[in-house]
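Asker: This structure is in structure tokens; I'll ask about it shortly.
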Amino acid sequence: MQQCAVSRRYTVARLLITALIAVAVHAPAWAVPSFARQTGMACAACHTVIPELTPFGREFKLNGYVIDNLKQIKGETMERRETLSLNQIPPLSVMLQVSYTHTAQAVPDSDATGAVAKDGEVLFPQQASFFYAGKIANNLGAFIQLTYDGAEDHFALDNTDVRYARYLSEAEPTGEAGQKPSGLFAGHDVLFGLTLNNNPTVQDPWNTTPAWGFPYAASSVAPGPNAATQVDGTLGGSVAGVGLYFWIDHAIYAEISAYTEAIVGGAHPVDSTQAAVVRGLAPYWRLGYEHRWGQSSLFVGTYGLQASVLPGSGHPLSGPSDHYTDVAFDTQYQYIGDDHLFTVLATYIHEDQHLDASVAYGNAANSSSHVETAKATFEYSYRRMIGGSAGVFSTGGSKDPLLYANDGSIGGSVNGSPESTGYILEINYLPFLNTKLQLQYVGYTKFNGSSSNYAGTGRNASDNNTLYLLCWLNF
Amino acid sequence: MKILGSVAVILGLMAADATLAQEIRPEVAQAAASLAATTCSTCHGTAGRSTSPNFPNLAAQTAPYLEAQLKAFRDQTRADPDAQAYMWGMASQLSDETIAAIAAHYAAQTGAPGHGGDAGLTSRGKVIFQQGVPDRAIVACATCHGDHAQGNGPIPRLAGQHAPYLLKQMLVIQSVLRLAPVMHGVIKDLSREQMQAVAAYLEGLGP
């Protein structure tokens, strides 16, 4: 009986996690006017169409969000060492997101058996966020997002990235023309940085990684697939990590980070009532190369992480754990013309799973399995005003009747499969650079393993197709 | 006559250049070097040699030209779209002395090495640069920018500059998005292909 109760609790927890994953995977990525306030630059300097970054936007981020043109409050020692350099006007901004969601078939009522929930959900707001995004001190800056979630009705710390960055290579000293730079990094631009953040890939400047990847905004209430890799948003908000990165000659990027458990809310010190607790340190790595020419840039890269996760949810935070190894490859091509802008984004993530703990607790049937996700997107914009995107996505992997259980809900899988495939079509209109109106359609060709009756409830994958309207204001 | 008039204006600017020199205190020069290393370098490279062709190389650029441009950004009198998007903000807090120090800092750097491009395009560009286009009464670029495109006072150095940047500047000057009346008068009848050729030739010139 106790095992059943624990199992039920675990199932509920897993469903909640799955729902959170769906939200996290679709967690929107924001461009913030506080950067524009701080730098005096228009949004177009850093973004093609918000929130996708231009090469300069990537430079701004990698340099620690510190470029500024505001008057500073200064402090100096007698030796003229600078002890303070603070913006007189804090780099604050607000984001408001209002949305409408309609699914092809209404989802079941959460309480009344046989009834369905209202189909046609307005969220005002879907999210409202407050940002401190900009310089803290010389070489030190932050992107801190505090978000009110309309569906959850609560405030929480959202994507946060605090970073320190400076060049190791010194500029050629002023003086005699023709004088050659000297030293280890002579002739090279070598930037190094440190990042402290709460979501693997939130520190990444390319829009191919999960935290800032397409779709940049999506419904927070529509049903989402049951499987995602750890690096694909699963750990976001429940870990804290520090990383060291190098950006060499504006072309080569290398980073090594380590994350550890930092769950917000619930029991503290963290105990068995928490779910999915990262054990020890989870290393994260990133390597990439960007080539820029004319109005184009091409990036190819790889990233990944290793994490040991204790299931918790009624099980002690000791003993066996689940081990995940994620390896991903990504590429991005960007063309930024005066009239026409387009971007191609692609990511492939493969995750090996060794689910010793889940098998021991009866939550998974296979100790060794895998999940893989592929996404590809084409984006176009005319004069940063009107444009659209078309993307395809696919998640698949090993079947497991316990891990992807048929629990009678619309989040279940009748054949124990993590497979979901589909497409996303989007039209955007930006009357102003900081205002985006978005019409999005998400279509599923498979959902949790099947195209029809995927959960044994008579619901088809296409019944989860979602029409989503968004009004997104940044000011 | 028009050509002679344009050249006369340019020569006048060059003469006026002598009056632009400003005394720069050592601490301001140091602050300017720091600013160049921490802020300007993001786009223009740590030694004033940018890796992105969207942003100009500043190394070895003439100080009076840099000074005039930074003041034009700060005063918002240079108003092409990129100037507005990037440089209006960047230059808004700069004093005249800091501007002079930044200009001197970059003028003292070693110019960017040349990158050879398409041979045919480059050779056509060389002819235009050195001889102009007499049929269209377009004066040789070298008349003002120097035989080696090294610049002269307020006339910018063009040697080794990124071709896409040069092309874009010619286009915004031709379309009057960037106000440069003398230069506009010289290139207003230049075709896009001719601009591309000149830009390709200039990009290939070394320091």
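The values are calculated or read from the model by the stated rules, or taken from the named source; none is laboratory data. Just so you know, these numbers come straight off a predicted model, no measurement behind them. Note: ideal-geometry Cβ built from the backbone for every residue, glycine included; neighbour counts use all protein chains shown.
Asker: Return the total of residues in segment B:58-89 being closer than 13 Å to B:His105 by Cα and in contact with a Ser or Thr (Cβ under 7 Å, 6 or more places away or on another chain).
Answerer: Selection size over segment B:58-89: 2.
Asker: Would you be able to tell me the number of residues in segment A:412-441 that are in a strand (DSSP E or B) and under 23 Å from A:Ile50 (Cβ atoms)?
Answerer: The total comes to 17.
Asker: I would also like to ask the following. Looking only at segment A:310-340, count how many residues are in contact with a Lys or Arg (Cβ under 7 Å, 6 or more places away or on another chain) and either among the small types (Gly, Ala, Ser) or buried (at least 18 other Cβ atoms within 10 Å of the Cβ) (or both). First the steps, then the outcome.
Answerer: Of all residues in segment A:310-340, those in contact with a Lys or Arg (Cβ under 7 Å, 6 or more places away or on another chain) come to A:310, A:313-314, A:321, A:339.
Among the residues that remain, those that are also either among the small types (Gly, Ala, Ser) or buried (at least 18 other Cβ atoms within 10 Å of the Cβ) (or both) are: A:310, A:313-314, A:321.
Residues in segment A:310-340 being in contact with a Lys or Arg (Cβ under 7 Å, 6 or more places away or on another chain) and either among the small types (Gly, Ala, Ser) or buried (at least 18 other Cβ atoms within 10 Å of the Cβ) (or both): 4 in total.
Asker: Another question, if that's okay. Please verify whether segment A:367-387 includes one or more residues that are of a type in the set (Phe, Trp, Tyr) and not in a strand (DSSP E or B). Walk me through how you get there before you give the answer.
Answerer: At the first step, the residues of segment A:367-387 found to be of a type in the set (Phe, Trp, Tyr) are A:378, A:380, A:382.
So of that shortlist, the ones also not in a strand (DSSP E or B) come out as none.
So far as segment A:367-387 goes, no, none of its residues is of a type in the set (Phe, Trp, Tyr) and not in a strand (DSSP E or B).
Asker: Go through segment A:232-254 and count every residue that is in a strand (DSSP E or B) and more than 17 Å from the chain's Cα centre (by Cα).
Answerer: Looking only at that region, the number is 8.
Asker: Is it true that some residue in segment B:144-165 is within 14 Å of chain A (Cβ to nearest Cβ), farther than 30 Å from B:Arg25 by Cβ, part of a loop (DSSP other than H, G, I, E, B) and among the hydrophobic types (A, V, I, L, M, F, W, C)?
Answerer: Looking for residues that are within 14 Å of chain A (Cβ to nearest Cβ), farther than 30 Å from B:Arg25 by Cβ, part of a loop (DSSP other than H, G, I, E, B) and among the hydrophobic types (A, V, I, L, M, F, W, C), one finds at least one in segment B:144-165, hence yes.
Asker: Right, something else. Hey, A:Thr347 hits all of (1) touching a Lys or Arg at 6+ places or on another chain (Cβ under 6 Å); (2) among the β-branched types (Val, Ile, Thr); (3) more than 23 Å from A:Leu62 (Cβ to Cβ) but one; which does it fall short on?
Answerer: The failed condition is (3).
Asker: Can I ask one more? Which condition does B:Ala108 not pass, out of (1) out of contact with any Ser or Thr (no Cβ under 8 Å at 6 or more places or on another chain); (2) crowded, with 16+ Cβ neighbours inside 10 Å; (3) of a type in the set (A, V, I, L, M), if it passes all the others?
Answerer: With (1) out of contact with any Ser or Thr (no Cβ under 8 Å at 6 or more places or on another chain); (2) crowded, with 16+ Cβ neighbours inside 10 Å; (3) of a type in the set (A, V, I, L, M) applied to B:Ala108, the lone miss is (1).
Asker: Got a number for residues in segment A:266-300 being away from every other protein chain (no Cβ under 14 Å), touching a residue at least 24 places away in the same chain (Cβ under 8 Å) and assigned to a loop (DSSP other than H, G, I, E, B)?
Answerer: 6
Asker: If we only count helices (runs of 4 or more DSSP H) wholly inside segment B:15-94, which ones have 2 or more residues that are surrounded by fewer than 20 Cβ atoms within 10 Å (Cβ to Cβ), within 10 Å of another protein chain (Cβ to nearest Cβ) and not hydroxyl-bearing (Ser, Thr, Tyr)?
Answerer: B:26-35
Asker: Based on this model, can you work out whether A:Leu298 counts as surrounded by 17 or more Cβ atoms within 10 Å (Cβ to Cβ) and not polar (S, T, N, Q)?
Answerer: Criteria not met by A:Leu298.
Asker: Same structure, new question: Does at least one position in segment A:337-344 carry a residue that is within 14 Å of chain B (Cβ to nearest Cβ), part of a strand (DSSP E or B) and over 20 Å from A:Val371 (Cα atoms)? If you could, list the steps in order and put the result at the bottom.
Answerer: Filtering segment A:337-344 for residues within 14 Å of chain B (Cβ to nearest Cβ) gives A:337-339, A:341.
So of that shortlist, the ones also part of a strand (DSSP E or B) come out as A:341.
Checking the rest, the ones that are also over 20 Å from A:Val371 (Cα atoms) come to A:341.
Checked segment A:337-344: at least one residue is within 14 Å of chain B (Cβ to nearest Cβ), part of a strand (DSSP E or B) and over 20 Å from A:Val371 (Cα atoms).
Asker: In this structure, is B:Ala108 on the phi > 0 side of the Ramachandran plot and touching a Gly at 6+ places or on another chain (Cβ under 8 Å)? Before the answer, list the steps.
Answerer: On the way: on the phi > 0 side of the Ramachandran plot: no; touching a Gly at 6+ places or on another chain (Cβ under 8 Å): yes.
In short, no.
Asker: I've got another one for you. Going by what's in this entry, would B:His105 be described as at pLDDT 95 or above and either in contact with a Lys or Arg (Cβ under 8 Å, 6 or more places away or on another chain) or among the charged types (D, E, K, R) (or both)?
Answerer: Taking the combined requirement at face value, the residue does not satisfy it.
Asker: Which one of A:Thr457, A:Thr421, A:Thr395, A:Thr435 is more than 20 Å from A:Lys375 (Cα to Cα) and under 22 Å from the mean Cα position of the chain (by Cα)? Before the answer, list the steps.
Answerer: On the way: A:Thr457 fails: under 22 Å from the mean Cα position of the chain (by Cα); A:Thr421 fails: more than 20 Å from A:Lys375 (Cα to Cα); A:Thr395 fails: more than 20 Å from A:Lys375 (Cα to Cα).
On inspection, the qualifying residue turns out to be A:Thr435.
Residue-wise test of (1) under 30 Å from A:Gln105 (Cα atoms); (2) modelled with pLDDT of 95 or more.
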| position | (1), (2) |
| --- | --- |
| A:Phe214 | yes, yes |
| A:Asp232 | yes, yes |
| A:Gly237 | no, no |
| A:Ala254 | no, yes |
| A:Ala262 | no, yes |
| A:Ala282 | no, yes |
| A:Arg292 | no, no |
| A:Gln295 | no, no |
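Asker: In segment A:89-142, how many are closer than 18 Å to A:Arg459 by Cα, basic (Lys, Arg) and buried (at least 18 other Cβ atoms within 10 Å of the Cβ)?
Answerer: Adding up the residues that qualify gives 0.
Asker: Also, quick follow-up: Restricting attention to segment A:74-91, which residues are within 11 Å of another protein chain (Cβ to nearest Cβ) and either within 27 Å of A:Gln295 (Cβ to Cβ) or in contact (Cβ under 8 Å) with a residue 24 or more places away in the chain (or both)?
Answerer: The answer is A:Glu82, A:Ser85.
Asker: Looking at (1) under 23 Å from A:Asn63 (Cα atoms); (2) within 12 Å of another protein chain (Cβ to nearest Cβ); (3) not in a loop (DSSP other than H, G, I, E, B), which is the only condition B:Ala104 fails?
Answerer: Going through (1) under 23 Å from A:Asn63 (Cα atoms); (2) within 12 Å of another protein chain (Cβ to nearest Cβ); (3) not in a loop (DSSP other than H, G, I, E, B) one by one, B:Ala104 breaks only (1).
Asker: Confirm whether A:Lys446 is at pLDDT 95 or above, of a type in the set (D, E, K, R) and within 23 Å of the chain's Cα centre (by Cα).
Answerer: No; evaluated as a whole, the condition is false for this residue.
Asker: Could you check segment A:285-303 and list, in sequence order, the residues that are out of contact with any Pro (no Cβ under 9 Å at 6 or more places or on another chain) and of a type in the set (Gly, Ala, Ser)? Let's see the steps before the verdict.
Answerer: Applying the first criterion (out of contact with any Pro (no Cβ under 9 Å at 6 or more places or on another chain)) to segment A:285-303 yields A:285-289, A:291, A:296, A:298-302.
If the condition is that a residue be out of contact with any Pro (no Cβ under 9 Å at 6 or more places or on another chain) and of a type in the set (Gly, Ala, Ser), then A:Gly288, A:Ser296, A:Gly301 are the ones that fit.
Asker: Would you check which residues across segment A:61-73 are facing chain B (nearest Cβ under 7 Å) and at pLDDT 90 or above and list them?
Answerer: Listed by number, the list holds a single entry, A:Asn63.
Asker: Among the numbered criteria (1) modelled with pLDDT of 95 or more; (2) more than 30 Å from A:Leu425 (Cα to Cα); (3) not in a strand (DSSP E or B), which single criterion is violated by A:Leu310?
Answerer: It fails just one condition, (3).
Asker: Still on this structure: Take the conditions in contact with a helix residue (DSSP H, G or I) (Cβ under 8 Å, 6 or more places away or on another chain) and assigned to a loop (DSSP other than H, G, I, E, B) and apply them to B:Ala200. Does it pass?
Answerer: no
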